[in-house]
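Notes to accompany the following structure.
The values are calculated or read from the model by the stated rules, or taken from the named source; none is laboratory data. Keep in mind the model is a prediction, meaning the values are calculated, not measured. Here the Cβ positions follow ideal geometry from the backbone for every residue, glycine too, while neighbour counts run over all protein chains shown.
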Amino acid sequence: MDRSEPNPRPRNAAATRTAILESARLAFIRSGYEGAGVREIAEGAGVTAMLINRYFGSKEALFAEVLERANENPIIATSGNLSSPDRARLVARMLLEVTAPDATALDGFLIMLRSASSDAAIRIARDVIEKHHQRNVTMALSGKATPQRAALLLSLVAGVQMMRQMIGLTALNAEASPELQAILEPIVRQLMEAEDVGRPE
């Protein structure tokens, strides 16, 4: 052995982990949970598939972490928006801005949309949504049926994302934004401020 040869550079574990997560994020956005292969993700990160298993344990665990990261910093249901006295207007406005036809769709939404055919991915997505968005919105509400109202608000957001941004319904196009704001705001307000909602007596 030539002792003058430098030792191999040690692997930077943090950088490797980051590279795998970024490659996985792009693969899951592009192909969803079922369509993205571990070998493809490994190639994009410049590592072996074996190394992915060593860092994350499984493709399912890797997917869970990618989705967790994609949902940990909300864009619409932020603490500032949810605590504002004018929160219904702010949430409605942000929803229309985020789903504008020329806006880039959010990573978490695209990953969940393109992974909807997988039972494992759906289970992970439900856990992540309930841990982040569902919990945050529920805690910001008061009155009765707060978990149900929060879930309906999240469903409204997802529905607008789908129909306005992905499907591109003509009636929801960019030119209609002022009218959409006027229609959407009272719906959001009803879900966020309905103090008397509950089971019928």
> For M163, which of the numbered conditions (1) free of Cβ contacts under 8 Å to residues at least 60 places away in the same chain; (2) of a type outside the set (K, R); (3) surrounded by 17 or more Cβ atoms within 10 Å (Cβ to Cβ) fails to hold?
Replying inline: (3)
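Here is a yes/no grid of residues against (1) in the same structural domain as A182 (by TED's automatic domain parsing); (2) under 12 Å from the mean Cα position of the chain (by Cα); (3) closer than 15 Å to I75 by Cβ:
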residue	(1), (2), (3)
I111	yes, yes, yes
A116	yes, no, no
R123	yes, no, no
P147	yes, no, no
L153	yes, no, yes
> Name the pairs whose Cβ atoms lie under 8 Å apart, with the first residue in the stretch 137-160 and on the phi > 0 side of the Ramachandran plot, the second of a type in the set (V, I, T) and surrounded by fewer than 20 Cβ atoms within 10 Å (Cβ to Cβ), and 6 or more positions between them or separate chains?
Replying inline: G143/V197; A145/V197
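Quick check: anything in the stretch 77-85 of a type outside the set (S, T, Y), within 30 Å of Q190 (Cα to Cα) and out of contact with any helix residue (DSSP H, G or I) (no Cβ under 7 Å at 6 or more places or on another chain)? Reasoning before the result, please.
Within the stretch 77-85, the subset of a type outside the set (S, T, Y) is 77, 80-82, 85.
Keeping just the survivors that are within 30 Å of Q190 (Cα to Cα) gives 77, 80-82, 85.
With the extra rule that they be out of contact with any helix residue (DSSP H, G or I) (no Cβ under 7 Å at 6 or more places or on another chain), the set shrinks to 80, 85.
Yes, the conditions are met somewhere in the stretch 77-85.
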>> Can you tell me how many residues within the stretch 86-103 are more than 14 Å from L172 (Cβ to Cβ) and in contact with a helix residue (DSSP H, G or I) (Cβ under 9 Å, 6 or more places away or on another chain)?
In response: 7
> With (1) among the small types (G, A, S); (2) modelled with pLDDT under 95; (3) surrounded by 12 or more Cβ atoms within 10 Å (Cβ to Cβ) as the list, and A19 as the residue in question, which single condition is left unmet?
Replying inline: (2)
>> Can you find a residue that is more than 26 Å from S177 (Cβ to Cβ), buried (at least 17 other Cβ atoms within 10 Å of the Cβ) and of a type in the set (S, T, Y) anywhere in the stretch 108-118?
In response: yes
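Condition check ((1) surrounded by 15 or more Cβ atoms within 10 Å (Cβ to Cβ); (2) modelled with pLDDT of 95 or more; (3) closer than 29 Å to R149 by Cβ) across all residues:
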| position | (1), (2), (3) |
| --- | --- |
| A15 | no, no, no |
| R30 | no, yes, no |
| E40 | yes, yes, no |
| M50 | no, no, no |
| A61 | no, yes, no |
| E72 | no, no, yes |
| V98 | yes, no, yes |
| D102 | no, no, no |
> Taking E68, is it over 30 Å from L156 (Cα atoms) and acidic (D, E)?
Replying inline: no
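Do we have I129 as under 12 Å from the mean Cα position of the chain (by Cα), closer than 21 Å to M192 by Cβ and aliphatic (A, V, I, L, M) here?
For I129, the condition - under 12 Å from the mean Cα position of the chain (by Cα), closer than 21 Å to M192 by Cβ and aliphatic (A, V, I, L, M) - is met.
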